[in-house]
Structure formats: C-alpha cells, structure tokens
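The block underneath contains the structure these notes are about, expressed in structure tokens.
The values are calculated or read from the model by the stated rules, or taken from the named source; none is laboratory data. Quick caveat: nothing in here was measured; it's all calculated off a predicted structure. Here the Cβ positions follow ideal geometry from the backbone for every residue, glycine too, while neighbour counts run over all protein chains shown. Note: areas computed on protein heavy atoms with side chains; ligands, DNA, RNA excluded. Shrake-Rupley method; radii C 1.70, N 1.55, O 1.52, S 1.80 Å.
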Amino acid sequence: MGFLSTISGFCGFGVGVSTGLTIGYYLFIYFQPTDVKDPEVRPLAEQDSETLQRILPEIPLWVKNPDYDRIDWLNRFIQLMWPYLDKAICKTVKNIATPIIAEEIPKYKIDAVEFETLTLGTLPPTFHGMKVYVTDEKELIMEPCIKWAGNPNVTVAVKAFGLKATAQVVDLQVFASPRITLKPLVPSFPCFANIYVSLMEKPHVDFGLKLLGADLMSIPGLYRVVQEIIKEQVANMYLWPKTLEVPILDPANAMKRPVGILKVKVLRAMKLKKKDLMGASDPYVKIKLTEDKLPAKKTTVKHKNLNPEWNEDFNLVVKDPESQALELRVFDWEQVGKHDRMGMNVVPLKDLTPEEPKVMTLDLLKNMDLNDPQNEKSRGQLMVELTYKPFKEDDLNKSFKDEVEQKAPEGTPAGGGLLVVTIHEAQDVEGKHHTNPYVRLLFRGEEMKTKRVKKNRDPRWEEEFQFTLEEPPVNAKLHVEVVSTSSRIGLLHPKESLGYVEINLSDVVSNRRINEKYHLIDSKNGKIQIELQWRPAS
C-alpha cells in the first residue's frame, strides 16, 4: 500500500502542475485586465497648468529656449573622464588650499587643518544646454546651464588645543548658470589669455554637513540660514557684472604687444659695388624687423654714389627683443624693372644693451648662410647707429581694458600720434571673374596692402598697419578697398574691385578705438571688419 500511495502522489502532483500551468497560460493570454491603461503621450501645449509647473523645471533648456544648444556629447565625455577628472581636480584643490590654510590658521590658534578624505564621488555634473555669443571682439562667450547632484565625500580634520574635530560634507547639489568668457583670443596655445567667470543668477546650493558624526543640517532653521548665507556670499563676489578672473597666459607675451622702441640711424655706406652700366649705383636701404608684418621702411635714394651718406632716423616697434632681429638690405634703384640687391646683414636685438647707443659697421653679404662661399666676396659696408629703448614696467603691466589708452611710441611728433588699422576679415565678397581678395589701404597718398587670399569669399587677414601722423586726423578719411587679382597669366580681367568704403576718422580720434563691420560700396552683400585705434603722443 505504501508503494502505491507514493506512486499516486507523484502522479497527482504532475497532473496538478500541468493543469495549473495550462489554465494560467490560457487566462494570461486571453483575459486582459481592465484597470491597466496605456500611458497617454500629449504635447506640452496640451498639458494643464498644474502638470506644466511640476515638469517644467526638469525640461532641458535646449527644449525651452532655441538659443541653447544640446551638448549631450560633452556630458558623455565628462562621464567617461570623471574618474580621472575627480583625482585631478582634488589634487589641484589640495595644492591650492594647503598653503592658504597654512597661512591663515595661526591667526586663530589652530594647530592644523587637514583633508582626511577628498573625493567628488561617482556622479559627474551634467550640462543641460549651452548658449554661445558671437561678437566682433577677440573673445568667446559661453553660458552653460550646469546641474550637479553629486555624492562627494569631503572630510576635514581640525586640530587645536590637543583636540580633534572632523567636519564632513556629503550629498552636494549645485545648480548654476555661469557666463564664461575667454578673452582675449591669441595665436598661442590654448588660444586665450584669461578666463572670466560670472554668475547670471544666484546659484542653488544644497549639501549635508556632519560635525562629529551629527548632521547639522537637520537642526530646525539652520538649513535655510546656511543656504541664504552661501547664496548671498557667492552673489556678492561673482554675480554679473562682477567676475572671477583666471589668468592663463601672460597677455604681453601671448599677444606680442610692443615692449620697446628700436631707434635706427642709417649713417653711411662705403665701397659699394657698381651695378649700373654707367659705372655707378643708386643705393637706398630697406629696414625691417623680423617677425613683423609691417612693410619695410626705406631711406632716400642716393643717385650715382658708391659711398652715400644718409644720416636718416627711423623708429621701429619691438615686440620680442629675445627673438627679433633687424634686417638691413641695400638695393640699387632702377627706374624701369626690378631693383638690384647689393647686399644685406642682420643684427639680433639681444646683442644690444638697452638705452646704450651702439655704432656698428656691417659687412654686406649676399645672404645669411654662413657656408655660402659667395659671402666671402666683398660687397661694401654699411654703418648704422642702433639704440634699443624698452618701455617702463608700468606701461607693460597695463591691462587689456586700458588698451584703448595706449600712447604712441616715443619719437612720434608732438601733438600727433599713431593711427593703427587692423584688417580682420571680410564676408560675402565675390568677383565676376575671380575671387582672390586682398585689401588696399589708401591714406594721404600712402598705400598699403594685405596679403592675397586665393579663392575665398570669406577671407581672414588679421593684419595691422600703422600711420605716424603729425596731427589728429579729425577731418581725414581712410579709403579701404577689397580687390581681386587673377591667378592666371593673361590680360583679360587681371584685376577687379570687390567693393570699397570711405571711413571718416573723426570718431576714431574721439573714441580712441572703433571695431566695426562696414558694408562695402559696389558690393551686393559684402562686409569688412576693421579695427581702428588712435594713440596720441605723450
């Protein structure tokens, strides 16, 4: 009987399980519950006001505001890099905070303040959108929306009078909308000299603070007081228009701003070689600093003279005396055709003692290749007097905000000044037959040109030109013309004008600096950005 009972029990269990599974499957498939509904998806415009108020703070700015760009790629990048950014940021904070704490604690009779634990946790901040402003100045302005609900662990130990107390910051939340300005933009990596940070509104800051293991934020009334104090203190320091300035590069070195004046006096030349068929030469000297985009300065031409005397003075603006050199080239003037080279030499500025005049007699060479045997041939000599006068430290330490107040270099005529013209870029310039634009400047009979940019409707030059004037150009005009020249050899349409503009300089004298985009006359949509500065003589 026992054996039969066991067999019957196993059979009943198998039949019961099989029957239950079959019935359950049938009920699951063929009987849908009536109380479960599919979620209803509706546009935001159709939501009621209560629902909108509840979900609106969670909607990213790039959805609500078309000026903000979606930057999910940046959030993904930060997420992947966060373990390494965490360690790097914490190390930097320790290096900055340690000397500051060591300097301040003696005032309060504290023995030591140390970081026992410093980590930003595993949750990185997220960017809910970013707005980028475009200006005509050399700057980049960004306004990101940052939200960080992190799990940092910052434990600080304070030791005083033989006792030790620990304070711990946990569960930090920060919501902020900063304005980050990178300026000025410079041609040296990382391509900006300073970072300016300001807050466009009061930030939201929430955190837990434990002292000796007890949560101080749970004390009634303390949480709100601490929050308001933090908001007010941060707002007083960094709420726009107040800014936090973070220097990245030395502005003078990054922008290659002028650091001094090189006075050049071309005295005479001796024993020059004959270049003309009549047994003489018509020499003149070209003077230029290396790494300088300004055109070379010239002496007068001394006709039919192999031992000319000039005694002519020139002032050159120096931007880097350690790397720049003075180039002196002697040419034979020709009325028709190319002027013949008679010789050259170079004087490194680092060989000059500041404020001390130095008379030098230079042997004229064919080129600066010391291994070239043709340099052994005599080409005559050139005598010059050089004096390097560096600017004072007070002048070099002026901020970029005071750039419009720059004075003209020493040696500028009294009552006059220096007119500085910077050609930045042009937009939508197009020729009928070719578009290889360059800019031609014409001012009081003096003509200057930028380099030519081939096949470009939106060329960028970033070239600077200087005019030394004996009086302010109150009633003068500057003629600026964009010209295109053909890159092919031929007489058909070799040159054509892409537009021009006449700029009245009276506003420049009044405002000291103007940076504007001008519509080109005789151009359909062309514009050109020009920066003008007037630097009066001291």
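At 1.4 Å probe size, what's the solvent-accessible area of Cys145? Round to the nearest 10 Å². Roll a 1.4 Å probe over it and Cys145 shows about 20 Å². Summary of packing: across the peptides 220-230, 173-183, the per-residue average of other C-beta atoms within 10 Å ranks them, highest first, as 173-183, 220-230. Its residues counted as N, segment 335-377 yields a C-alpha radius of gyration over 2.2 N^0.38 Å of 1.57. Our analysis of segment 481-531 gives Rg over Rh at 1.15, with the two radii drawn from alpha carbon positions and Rh computed by the Kirkwood formula.
Counting residues in segment 169-210 as N, plug N into 2.2 N^0.38 Å and put the Cα Rg over that result. Can you show the working numbers first?
Numbers: Rg = 15.7 Å, N = 42, 2.2 N^0.38 = 9.1 Å.
Rg over 2.2 N^0.38 Å, computed on Cα atoms: 1.73.
Expressed as a fraction of 2.2 N^0.38 Å, the C-alpha radius of gyration for segment 412-535 is 1.10.
What fraction, in whole percent, of alpha-carbon pairs in segment 70-159 exceed 15 Å separation? It works out to 71 percent of all Cα pairs.
Solvent-accessible area of Phe207, all protein chains in place: 40 Å² (probe radius 1.4 Å, heavy atoms, ligands and nucleic acids excluded).
Note on segment 226-379: semi-axes of the ellipsoid equivalent to its C-alpha gyration tensor, largest first and rounded to whole Å, are 52, 15, 14. For Lys286, the aspartates and glutamates whose Cα comes closer than 18 Å to its Cα, not counting residues fewer than 8 places off in the same chain, are Glu309, Glu312, Asp313, Glu327, Asp332, Glu334, Asp340, Asp363, Glu385, Glu446, Glu447. Debye calculation, C-alpha points only, no solvent: report log10 I(q)/I(0) for segment 134-230 at q = 0.19, 0.21, 0.23 Å⁻¹, in the same order as the q values. The computed values of log10 I(q)/I(0) come out as -0.95, -1.05, -1.15.
Surface listing: Glu502, Glu143, Glu385 arranged by accessible area from highest to lowest gives Glu502, Glu385, Glu143, probe 1.4 Å. For segment 433-488, the fraction of alpha-carbon pairs lying more than 16 Å apart is 50 percent, rounded to a whole number.
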